[in-house]
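The structure appears right after this line, and notes come after that.
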Amino acid sequence: MKDSIISIGEVLKKGGSFIWTAKWKILSVLFMLFTPIVSYIMMEEFVHGIDELNSTEILYFNILFVYIVEIFFFFITFSSRWACAVPVLMCGIVGAVYYAVYSFRSLPIMPWDLLSFGTAMSVVGEYKFEFTPKIIKLIVGFCLLLLAVLLLCRSRIKMKNHFRIKLAIRVVCLVLCVPMLMGYAKKAQDEEFQSSVGYYPYLFTPSVVYRDNGFYFSFISLLKYLDVSEPHGYSVEKIQAVADSVGNKNTTSEADVVNPNIIVVMNESFSDLSVLGDFEVDGEYMPFIDSLTENTIKGQAYVSVKGGNTPNSEWEFLTGNSMAFLPAGSIPYQQYIRGETENFITSLKEKGYSTYAVHPYNASGWKRDEVYPLLGFDTSFFRSSHGKLDMIRGYVSDEAVYDKIIRIYNDNLTNDDPLAFFCVTMQNHGGYSNVLDYDNFDISLHVSNVRNATAISGYLSLVKISDEAFGNLVEYFSGVDEPTIILMYGDHQPNSSITKYILEANGIDENTEDWNVRKDQFAVPFVLWANYDIEEQTDITTSLNYLNILLSETAGFELSGYQLFRKQLSDKYPVITANFCINDRGELYTWKDLDVDKDEDLLLYKQLQYNHTFDTDNTIEDFFD
């Protein structure tokens, strides 16, 4: 037994010891020591800067991650050159992508954004990014640093004639790196450690999380939110008791119209910029909607997103759930919908509706091609199934989408089943800085006394075209015999390339911490019209998680138990979004100010949502459908 044991020293003696093909030069050592520090500092400067970090300990912790990456690649390559080059490339690419993402949606890169990489790439060509002198200097700086590493780091380790020993040592070293990475992640997600170094924990403002805690610390700490933990006090028995107590009651009067056709349009980036402040424009951008009063309900809905993450607005409207109870930056379509899910569409199917989803863009965007069947849509039409359609800029026009709805309607005239459409448009999608580059779009409205006037004028001109198209849709269905309801709302306001200049002209910082002012960036108009007599209403204030209740009541539908619960909740909290809620006295609270676990009604809403979305084995289906 003893004879079979070979000491490490004997192995090295017999197999040929490490041979330093180029001795560790001082320059290489300095590069190994300081490249991670310089790379990280430069990376943070793309958006914020290390001077904005909450503590020195947080700075050290972020740099530590870059050192771990450097060590990892050193053990892979046994080369100081590549050990230094990879962190430089990593930090440079992350910094540039972080800047690009933040520029068009005012949010940092979240872990779940990696799931939507394909969607992002499909629209990135429509955006123009501002290469400020600072950004150019940073890009040049990373290029020079990488060049210096490649030219001056020449030291490496070689082992002669012992491939197996070399491989074994390399594998052992790499295996040792795994607990280093796991330990780092565990520490980054540990609340006690976070508190000890001054970590900013309030996820409802992810941009502040990244600014105060640094990119790597923030990103890795948020990985734990890829799934959602059980709410305080949750039990299936409690949810069943709530379902039994609420019941399924028809709170609407007996309707003269039974099961009208339903058309819901979620209009891309459709908003009324006047909510942000005053500006001068040489014409009206919503003349039809502003004039529409007969058989009309209009108002303002608060949403949870701005400038992007459109599917979150879909999810809130269709399910009645709220992004308030999910990790900041979540995308439920990509993260949480894994099976058939009860929602407004499935309730229509049970009433005998034929259900259609219409979206004139890529089927795979936000996984809609997978999600829509799980939400109960019988048929989905995406860009590839539309054929040749009228385009405005690089996107299908609203008018073309409405024509598609009208064709489907006419094709089903002999069908006794009522029709339900959920349509997500694309005409007004971001990329407003290049509006002059298209020969199929003319700016018809012009703003003045604001910066970036061309882009804002282009955006408002697009809104006006949407308004005209909506007018044509209403005009068509006003002439049909079958009762029909049309609801249109915006998914979110445009990105900061538009909104911040309107705010700036009114002396408002778009990142103000006064949410009584900032809330206006999350307001979108909605308009509900019917081709038969309904009770008119104006100036309604709500949020998207409640909007399908208004539609159901207007249509004379029996409300589900979940709708009844939310209807009662809306009396206390008429607005609930991912960023804030507003109570019946008009008082606004951010989720930093309000402890959900201590508010019985909000906690119950959170528990019901958990049962619906995450505890799928025990979902009380009749309550939600």
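Where a number appears in this text, it was derived from the coordinates with a stated rule and is not lab data. In this text the structure is predicted, and so the values were computed from the model without any measurement. A quick note on method: Cβ atoms are made from the backbone with ideal geometry, for glycine too, and the neighbour counts reach across all protein chains shown.
At-a-glance table
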| read-out | value |
| --- | --- |
| Ranked by how many other beta carbons lie within 10 Å on average, peptides 413-422, 609-618 from highest | 609-618, 413-422 |
| Spin-label pair D514/V236, simplified geometry with 7 Å Cα→Cβ offset, distance in nm | 5.0 |
| Proxy reagent accessibility, fewest Cβ within 10 Å first, across T296, T355 | T296, T355 |
| Ranking of V401, V94 by count of other Cβ atoms within 10 Å, fewest first | V94, V401 |
| Shape of the range 440-506, Cα gyration tensor, a/c cut at 1.5 | prolate |
| Student exercise, the chain dipole from Lys, Arg, Asp, Glu Cβ charges, in Debye to nearest 20 | 5540 |
| Amide H within-cut-off set for F441, under 5 Å, with H built and near neighbours excluded | R393 |
| Alpha carbon centroid spacing (whole Å) that separates the range 44-117 from the range 314-346 | 31 |
| In nm, spacing of pseudo-spin labels at T77 and V140 (7 Å Cα→C-beta vector) | 2.6 |
| Residues D398, D625 arranged by fewest to most Cβ contacts within 10 Å | D625, D398 |
| Structure-based [θ]222 nm, the chain - -39500 (n - 2.57) summed over DSSP H runs of at least 4, per residue, nearest 500 | -14500 deg cm²/dmol |
| Length gained when the stretch L181-D416 is fully extended (0.36 nm per residue, less Cα-Cα span) | 78.5 nm |
| Too-long pairs where the Cα-Cα distance tops 30 Å, listed order kept, from K464/K519; K134/K306; K137/K519 | K137/K519 |
| Pairwise FRET efficiency - E536 versus L389, Cβ, R0 = 35 Å, nearest 0.05 | 0.55 |
| Nonlocal amide H pairs with S433, under 5 Å, H built at 1.01 Å | K128 |
| Correct option for mean projected area of the Cα convex hull in nm² [calculated from the coordinates] among [x] 30.7; [y] 29.4; [z] 34.8 | [z] |
